[in-house]
1. With every atom except the alpha carbons ignored, what do you get for Rg and Dmax of the range 135-212, in angstroms?
2. What does the highest-first list of 203-212, 522-531, 99-108 look like by mean Cβ count within 10 Å?
3. What nm distance separates the two modelled labels at Ala24 and Ile167, each placed 7 Å from Cα along Cα→Cβ?
4. Return the carbon/sulfur percentage of the accessible area of the range 4-194, one whole number, probe 1.4 Å, all protein chains in place.
5. Here is the link list: Lys246/Lys367; Lys69/Lys524; Lys67/Lys226. Which ones come out longer than 31 Å on Cα distance?
6. Check Gly362: other-chain or 5+ apart residues with amide H under 5 Å from its amide H, H built from backbone geometry?
7. Return the percentage of antiparallel bridges among DSSP beta bridges fully within the range 4-194, rounded to the nearest 5 %.
8. Working from the alpha-carbon coordinates of the range 466-512, get Rg over Rh, Rh being the Kirkwood radius.
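The values are calculated or read from the model by the stated rules, or taken from the named source; none is laboratory data. These numbers come from a predicted model, not from an experiment. Note: ideal-geometry Cβ built from the backbone for every residue, glycine included; neighbour counts use all protein chains shown. These accessible areas exclude ligands, DNA and RNA; they are computed on the full protein's heavy atoms, side chains included. Shrake-Rupley method; radii C 1.70, N 1.55, O 1.52, S 1.80 Å.
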Amino acid sequence: EAVRRVLLVGEGNFSFAASLCGAAGTRVVATCYESEEEACGRGRAAESVRRLREGGAEVLFSVDCTKLKDYFLPEEREFDCIYFNFPHCGRKAGVVKNRELLAHFFHSSAEVLTEEGEIHVALCNGQGGTPADQPRREWHNSWQIVAVAAGAGFILSNVHPFKAETIRGYKCTGYRSQDKSFSIEGALNHIFTRSTPLLYFKPMICEIELESRKVSFQVPRVLVDKINRGFLELNSNHPVQTVKEKLTAELSQAFPLQNTDCCLSLLHQGHLNDICHSRIFWIVLSPEETPSTEEMSNGVANAVLFSHVDFCRNTAKNCCVNVQEGSHVSNQYYLRPSLLPCARAIVQRGAFVPRTVHILSGPVFRKCLITPYSMPVFHEMVFVCAVNRDTEDSCIPMLVNSIKTSIHSLHQTVSGFNLNISLQEATSFETTELNDFVAFESHLSKIQYFICMETDSSGSCEKGSCVGIIRTELVSSELVAVFASLNLDLLAMLICGISDWRMLWTSDTRFLRQFPRGELRLFKSFSLYPPSYVHDVSF
C-alpha cells in the first residue's frame, strides 16, 4: 500500500503534527520557522517533538514555507498533503502582509505537491473572505484566500469547520509571536487542489471519410478541444451518454427502436433548409490531394476555414478565399448544425418501418454567443417515426408521454425536488423567449411543440429550460413523419444540477469521477467561490 506523505509548515508547539503521527499509511514531515532552541522553549513543544521522532516522523526547524523546495531533495518533493494552520507574519502584521505570505506559500507548495495533492489552510473566522465565513468580512479587509491561491494555480475545493476539540492533544499557540493561545471559535479549514492549466490549443487537422474518400480539414479554433471527444461511445461514463442510454431504454418499452448513428457524416454539403447561414461553421475542401502525415504535422491542410464576424479575428490567417453567404459551390461544406436533415433523409429514402422509432444522436455545431446554457457544440438526439395520417393525433402524445416519462424517471433517481415537464405549442412563444437550442431554427412556424422542463412553481418555460422540439412533415398522401429533437447536454445539465456547459465538456478527471458508469448524480462543484469580476470597458 502506498505511503501518504504529509508536510506540516509553520508549526508552533507541534501538537497538531503529533496528533497525526502514527496514523496508518502516513509519513509525517513537521516543520517550523523558528530554530529548534526557540521552538522547544514553548510549552509542550519539546514533548511533541520527542513523540514525533519516536513515531518515525521527520522534524525540521528554520524552514521558510515560501521556499519549500530548498529543503528537500528532488526525489523528496512529492507530498500528498500540506498543512498550514493559522498562518501569520507575526506581531501586528496587517491583511496585506498576510496575503503576501499566503501567495508565496502557495507558489512554493506548487513545487513540492503531487498532481492530485491537497493543501489545507486553517484560518480564524472571517480571515478567508469567503461566504463560508460567518459573519463575512468586507473583501478588502480579508485575506482573499481564494484569489491568492488562484494566482498559484489552486482552487478551493472544500471548506469545513476546524474542530480543535476533536484533535487529540492539540493546543493553538503563537498569538502575536508569543507563547499564547488565541480564539479559534468559528475557524475554518480550507482545502485546495490544483486547477487544470489553461491550455493553448494548436491548429488541429481532422481527417474523416466522406463519400468513400478520405478528406481532412482544419477544425475551427473554438472547437479544437471539442472534436472527437467520444462522449457517446459505448464504454463512456459521461453523463450525456448515460442520459442517452436511459432515454433509449425507457422508450424501447413503448416503441420498437432502430439506432442509425453509424451512418451520420460530420460534414454536410448543399442547400441549407431552415438554417440561419451566419450561424454555420463553413468548411471548403480544396481539390488537391490529402496532405501527407508529415505535412499535416506541420499544420498544412487541404481545407480552408471560413468564419463570419464573430470568429474572423481568430481565424483570418487561415482564410484565403472569400465565400459569400448564400453562395453555393460544389465543394462547399459545413459542420453539421443539426441531425434533423439526416432524419429527413431517412424518411425521404423510405428507409423506415412504419411505427418504428429511428434514433439518431451525435454532436452538432452552431455559432452562438456563449452563455452558461448556450454552447457552440452539443449532443443532439433525434427520434423520427413515420405514421399514417389518421393516427398522427394519437402518435404525437404517445411519443411525447414516453419522452416525459423517461425524463421524469431520470430526474427522480438524481434529485428530490419537483420537476414539471410540459409540451407547449409554438404559437405561444416569442423568439426572444427561447434558448439558443430552439431559437437557432429560423422558421419557427414549422415547429409544432416545445418540450420544456421547469423546476420552479411559476409554470413558465424559463430561458434555458426548453430542451426539445416536436415537428411533423407530410411524407406522402398517407404518411406523416414525426420528429422529436432533444438537447442531451442541456438535459444532463438540468438533471445533474450542472450550472455551466463548459463544466460538462471539461477534461478534468474530478468531474467524470462523480459519475460512475451508468449512474447519474447531482454534481458537486470542486471549485468553490471562484472570484468574479465585473469591468466597464470603453474604447
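1. That works out to 22.7, 80 Å for Rg and Dmax.
2. 99-108, 522-531, 203-212
3. Roughly 2.4 nm, to one decimal.
4. 47
5. Flagged as over cut-off: Lys69/Lys524; Lys67/Lys226.
6. Amide H neighbours of Gly362: Glu380.
7. 40
8. Taking Rg over the Kirkwood Rh, I get 1.28.
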